[in-house]
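**Q** Please read through the structure below; I'll follow up with questions.
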Amino acid sequence: MNDYVSHHFLSSLLDTLHMILMSHVMYTYLVTNFGNVLGIAATLWSIDASRFLLHVAITTLIPIADDGS
């Protein structure tokens, strides 16, 4: 039961962080750079952070789910 709770908490935390980062990406591209065609060429720090979170999710959540499920 404790593993399920910690797995669910970690999953929810990573999902929340991902939504925050993607909201930053959408706001920057759609609001801040509205009408700026060259603005889409810039890579945002939040995209790189989201890639890092994806790596963390793959390396931590998948092995946990495969252990006892």
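**Q** Roughly how many Å² is the accessible area per residue of the chain, as a whole number, for a 1.4 Å probe? Walk me through the numbers before you get to the answer.
**A** Values: 5400 Å² over 69 residues.
Value returned for the chain: 78 Å² of accessible area per residue.
**Q** Find the relative contact order for the chain and round it to a whole percent, using C-alpha pairs within less than 8 Å whose residues are 6+ positions apart.
**A** Relative contact order comes out at 43 percent.
**Q** Please give the calculated 222 nm ellipticity per residue for the chain, where each DSSP H segment of at least 4 residues contributes -39500 (n - 2.57) and the sum is spread over every residue; nearest 500 deg cm²/dmol?
**A** On the way: 2 runs with 50 residues, N = 69.
After summing the helix terms and dividing by residue count, I get -25500 deg cm²/dmol.
**Q** By how many degrees, 0 to 90 and rounded to 10, does the Cα axis of helix 2-27 deviate from the longest principal axis of the chain?
**A** For 2-27 against the chain, the angle is about 0 degrees.
**Q** Another question, then. Using only C-alpha atoms and all pairs of different ones, pull out the Kirkwood radius for the chain in Å with one decimal.
**A** Working: mean 1/r = 0.0726 Å⁻¹.
About 13.8 Å for the chain.
The values are calculated or read from the model by the stated rules, or taken from the named source; none is laboratory data. If you're wondering where the values come from, they're calculated on a predicted model, not measured in any experiment. Please note that ligands, DNA and RNA were not included when accessible areas were found on the heavy atoms of the full protein model with its side chains. Shrake-Rupley method; radii C 1.70, N 1.55, O 1.52, S 1.80 Å.
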